[in-house]
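Here the structure comes first, spelled out in structure tokens, and everything after it is commentary.
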Amino acid sequence: MNLSRKWLNEFVKVTASDKEFAEAMTLSGSKVEVTVDTGAEITNVVVGKVLTMKRHENSDHMWVCMVDVGEGEPTQIVTGAQNVKEGDLVPVALHKSTLPGGIKIEKGKLRGEVSNGMLCSFKELGLDQRDFPAAFEDGIWILSDDSELDVKVGQDIREAVGLDDHVVEFEITPNRPDCLSVIGLAREAAATFDTELTLHTPVVKGGAEGSLSDLLTVETSDPELCPRYSARMVRNVKIGPSPKWMRERLRAMGVRPINNIVDITNYVMLEYGQPMHAFDYRYVKGGKIIVRRAAEGEELTTLDGNVRKLNADHLVIADKDRAVGLAGIMGGLNSEIVEDTVDVVFESACFDGTCIRKGALSLGMRTEASAKFEKGLDPMNTLPAVDRACELVEMLDAGEVLDGTIDIINFTPSITVLKLEPEKINGLLGTDLDMATMQNILTKVGFGVEGDAVAVPSWRSDVLRMADLAEEVARFYGYNNIPCTLMRGQTTKGGYNPEQQLENRLGTLCRSCGYDEIITYSFISPSYYDKIRWAEDDKRRASFKILNPLGEDTSIMRTTVLPSMLEILTRNYNYRNKNVKLYEIGRIYLAGNGDGLANEAKILSMGAYGDDMDFFALKGHIQALLEDIRADEISYEPCTDNPSYHPGRCANVYAKGECIGVLGQIHPLVARNYGVDGELYCAELSFDKLMSVKGADPEYVPLPKFPSLTRDIAVVCDEAVTVGELEKVIKKASKGLLKDVKLFDIYRGKGIDDGKKSVAFNLVLRADDRSLTGEEADKALSNILTSLADELGAVLRG
């Protein structure tokens with residue numbers, strides 16, 4: 001939001017410098033981005049009077065002029081312009097002057113004649129025809145020909161033509177749409193500098209011939225989308241340029257002057273923050289305005305010349321036959337104000353902000369009006385704004401205002417009344433202010449205060465509770481005046497939840513084993529399932545499809561992390577990285593509970609290849625992870641039916657009797673699908689199940705008081721019996737005396753029958769409450785051997 005300080009001074013007198021003004025306004029909550037001096041690029045340019053002119057002796061088109069610039073002696077300036085005559089008042093750029101665009105003017109000689117400066121056109125001063133319609137477009141700017149200009153010789157040109165303004169750019173937060181106006185910022189400035197605010201109540205004389213009710217009717221078919229609609233009519237309009245003071249203010253605020261009627265609507269929008277629109281009455285068919293939703297596929301050509309195809313989500317201003325404007329966004333070309341316009345309808349309405357924002361967004365449009373409406377405007381502002389527009393029409397003699405106003409109120413906001421509680425406000429702010437001080441501050445910003453009851457003005461929809469009142473008090477008491485105090489009360493201790501702690505711990509363990517973390521996309525190509533040899537099963541068909549994918553390669557959400565890991569392993573393999581270990585804690589997306597939402601399960605995936613990697617190395621890493629998180633009853637069972645893994649080098653991982661994942665060598669056919677002729681090893685572990693089997697935090701256990709006994713056994717069993725199965729039976733049969741079991745030998749050869757193998761274990765036995773005797777150890781060993789023979793057919797090796 002730009003603010004002209006000259007315009008601001010009409011409402012509140014502030015003499016502070018630009019720097020002081022910016023600092024004070026920022027501290028009171030209206031953040032200033034930058035302050036611009038509109039004439040900063042122009043220096044040492046004054047109003048001069050041409051006294052005499054004579055032909056240049058060495059040129060057939062140049063003139064040697066003697067110009068009075070208010071410095072006593074006339075100065076000589078050479079010009080090639082042909083529209084200058086003696087007695088004219090013109091802009092003169094003197095020696096060592098500057099013009100917009102960084103142009104520097106210094107004295108010199110033109111074909112032998114000294115020229116102490118330059119006579120300027122209005123374009124050279126950064127102006128155009130719309131700023132000064134009476135100016136001659138080609139040639140020197142003759143100031144004395146413009147009746148609107150009251151200039152004198154020697155006067156700074158910036159002051160003479162209105163380039164002496166200072167424009168402040170504010171960053172207005174979305175909750176303060178009232179500050180998107182000169183009056184709104186004037187309220188803030190008056191409160192900030194504790195200065196009187198002078199507001200003007202529009203006065204409209206009216207008296208034009210005709211009855212408004214006979215000429216115009218308004219219907220709002222969707223009241224919830226149009227809380228209020230105010231309209232007035234002006235007859236016998238005289239289209240022409242706006243006066244100089246209005247053009248100056250519009251230009252300073254960044255708005256291009258067009259003509260008096262259009263400029264009035266823009267002027268009121270800037271002054272009151274209320275967007276307005278002017279319709280040519282002759283194009284309002286049937287004399288009826290209807291505020292309605294657009295018909296599906298309805299078309300409207302807006303003022304920018306573009307044809308807009310609308311739908312039922314757009315709000316339009318229409319007559320009985322067609323739409324004539326896009327409500328709250330832009331008017332229609334079919335009702336534009338043109339030179340021969342006679343009767344004008346001024347519209348000042350309040351539209352639903354959400355509807356306007358969605359409509360503008362769907363059409364790729366964002367206008368000054370839509371930017372204001374989407375933040376939510378004050379419905380009570382429409383009537384003063386349309387009255388102000390009609391007052392300006394009469395002030396500019398631009399037409400005759402018809403008596404009466406059409407004012408449809410579909411929603412009247414209730415007055416919010418809050419209780420002023422000084423103790424709570426002081427407790428919140430850390431201040432010690434009395435009620436009178438708080439009442440005075442709130443009164444300055446427009447609140448109605450009566451005792452401890454505070455009536456919130458209609459334009460302050462952001463003030464809803466005690467904390468908002470406290471903010472108003474703090475803003476204008478001064479944040480820098482609030483004393484520094486130590487923090488009071490209890491604070492919430494931050495930290496990681498158990499799931500985050502486990503995730504961090506797993507990452508640390510993987511990195512300590514030499515694995516590097518990767519992050520992959522959750523969306524994959526359907527062809528990935530073919531590469532890992534998945535059949536057309538339910539898990540494959542359950543993949544969620546993305547509605548607007550970037551391409552076929554990223555069109556579904558993955559139900560397994562294996563293809564993502566294999567893609568990265570393959571990329572490293574192709575880059576000729578010899579030894580690679582990677583891990584990722586990623587999500588898969590499975591069908592939920594029938595609510596249409598996915599079950600986003602986390603999976604710890606590990607992948608590796610290289611000289612130091614085989615099935616047992618990967619199994620050792622998995623074992624280390626599980627032991628570190630204190631999982632119990634860890635075991636591994638062969639898996640031969642997983643199509644993605646080698647049937648002879650794959651195992652399901654169990655803890656506490658629950659399968660928590662799979663590990664093994666990738667099937668050679670899968671590796672070939674990825675263009676790899678070596679061995680790839682991967683593991684997939686369910687994070688949720690790891691969380692469920694995670695043991696309790698370790699507790700201190702004193703060193704054993706009683707000695708342990710060791711026994712070595714070697715048993716002969718079938719080749720198909722795994723070491724894990726043997727260990728499971730040993731632990732079960734020891735009845736609590738076994739403290740450790742370790743494999744130390746597997747033998748096949750002489751003395752062992754074909755299809756058999758000898759497996760040797762070291763057993764550590766100990767009782768916690770007594771010294772274990774040899775007889776007790778032998779009995780426990782006998783139980784173990786008996787169980788091995790009964791359950792697995794493993795017998796003691798002779």
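The values are calculated or read from the model by the stated rules, or taken from the named source; none is laboratory data. All of these numbers come straight from a predicted model, not from anything done at the bench. Quick reminder, even Gly has a Cβ in these numbers, built from the backbone with ideal geometry, and neighbours come from all protein chains shown. Ligands, DNA and RNA are stripped out before the accessible areas are found, and what is left, the full protein with its side chains, is counted by its heavy atoms. Shrake-Rupley method; radii C 1.70, N 1.55, O 1.52, S 1.80 Å.
Of note:
- Residue list for the stretch 438-487, filter: polar (S, T, N, Q), open to solvent by less than 80 Å² (accessible area, probe 1.4 Å) and either over 30 Å from ALA385 (Cα atoms) or in contact with an Asp or Glu (Cβ under 6 Å, 6 or more places away or on another chain) (or both): SER458
- In the stretch 306-335, the residue that is least open to solvent (accessible area, probe 1.4 Å) out of those that are of a type in the set (Asp, Glu) and closer than 16 Å to GLY287 by Cα is ASP319.
- Selection count, the stretch 559-585, where residues are among the hydroxyl-bearing types (Ser, Thr, Tyr) and either out of contact with any strand residue (DSSP E or B) (no Cβ under 8 Å at 6 or more places or on another chain) or open to solvent by 20 Å² or more (accessible area, probe 1.4 Å) (or both): 3
- Of residues in the stretch 344-360 being charged (D, E, K, R) and open to solvent by 20 Å² or more (accessible area, probe 1.4 Å), the one farthest from HIS277 (Cα to Cα): LYS358
- Under the condition of being more than 14 Å from MET365 (Cβ to Cβ) and touching a strand residue (DSSP E or B) at 6+ places or on another chain (Cβ under 7 Å), the residues counted in the stretch 295-315 number 4.
- Tabulated pairs, the stretch 765-777, first within 16 Å of SER734 (Cβ to Cβ) and open to solvent by less than 60 Å² (accessible area, probe 1.4 Å), second small (Gly, Ala, Ser) and part of a loop (DSSP other than H, G, I, E, B), C-beta under 6 angstrom, 6+ apart or interchain: ARG766/SER708
- Of the set (1) exposed (fewer than 12 other Cβ atoms within 10 Å of the Cβ); (2) modelled with pLDDT under 90, all apply to ALA598 but (1).
- Residue in the stretch 156-176 that is in contact with a strand residue (DSSP E or B) (Cβ under 6 Å, 6 or more places away or on another chain) and among the polar types (S, T, N, Q) present: no
- Exactly one residue out of ASP397, ASP407, ASP434, ASP403 is open to solvent by 40 Å² or more (accessible area, probe 1.4 Å) and at positive phi, and it is ASP397.
- Close pairs from the stretch 505-517: first over 10 Å from GLU584 (Cβ atoms) and in a helix (DSSP H, G or I), partner open to solvent by less than 40 Å² (accessible area, probe 1.4 Å) and polar (S, T, N, Q), Cβ under 8 Å, at least 6 apart: none
- Residue list for the stretch 696-747, filter: assigned to a loop (DSSP other than H, G, I, E, B), hydrophobic (A, V, I, L, M, F, W, C) and open to solvent by 30 Å² or more (accessible area, probe 1.4 Å): ALA696, VAL701, LEU703, PHE706, ALA720, LEU737
- Filtered residue count, the stretch 188-218, keeping only those that are open to solvent by 70 Å² or more (accessible area, probe 1.4 Å) and closer than 20 Å to LYS285 by Cβ: 2
- When each of LYS123, LYS107, LYS85 is tested for being of a type in the set (Lys, Arg), open to solvent by 60 Å² or more (accessible area, probe 1.4 Å) and either in contact (Cβ under 8 Å) with a residue 60 or more places away in the chain or in contact with a strand residue (DSSP E or B) (Cβ under 6 Å, 6 or more places away or on another chain) (or both), the lone residue that passes is LYS107.
- In the stretch 728-749, the residues that are among the basic types (Lys, Arg) and touching a residue at least 40 places away in the same chain (Cβ under 8 Å): LYS728, LYS732, LYS735
- Residue under evaluation SER213, criteria (1) within 30 Å of VAL90 (Cβ to Cβ); (2) in contact (Cβ under 8 Å) with a residue 60 or more places away in the chain; (3) hydroxyl-bearing (Ser, Thr, Tyr), criterion not met: (1)
- Looking across ILE532, ILE588, ILE556, one residue alone is surrounded by 13 or more Cβ atoms within 10 Å (Cβ to Cβ), more than 24 Å from PHE616 (Cα to Cα), among the β-branched types (Val, Ile, Thr) and in contact with a Pro (Cβ under 6 Å, 6 or more places away or on another chain). It is ILE556.
- Pairs, first surrounded by 20 or more Cβ atoms within 10 Å (Cβ to Cβ) in the stretch 361-383, second outside any helix (DSSP H, G or I) and β-branched (Val, Ile, Thr), C-beta under 7 Å, six or more apart: ALA369/ILE329; SER370/ILE329
- Within the stretch 675-695, residues that are buried (at least 17 other Cβ atoms within 10 Å of the Cβ) reach partners that are in a loop (DSSP other than H, G, I, E, B) with beta carbons closer than 6 Å, at six or more positions or on different chains, in the pairs TYR681/MET613; VAL693/ALA631; VAL693/LYS656; LYS694/ILE629.
Here is a yes/no grid of residues against (1) free of Cβ contacts under 8 Å to residues at least 40 places away in the same chain; (2) among the aliphatic types (A, V, I, L, M); (3) not in a helix (DSSP H, G or I):
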residue	(1), (2), (3)
VAL218	no, yes, yes
VAL234	no, yes, yes
ARG247	no, no, no
MET269	no, yes, no
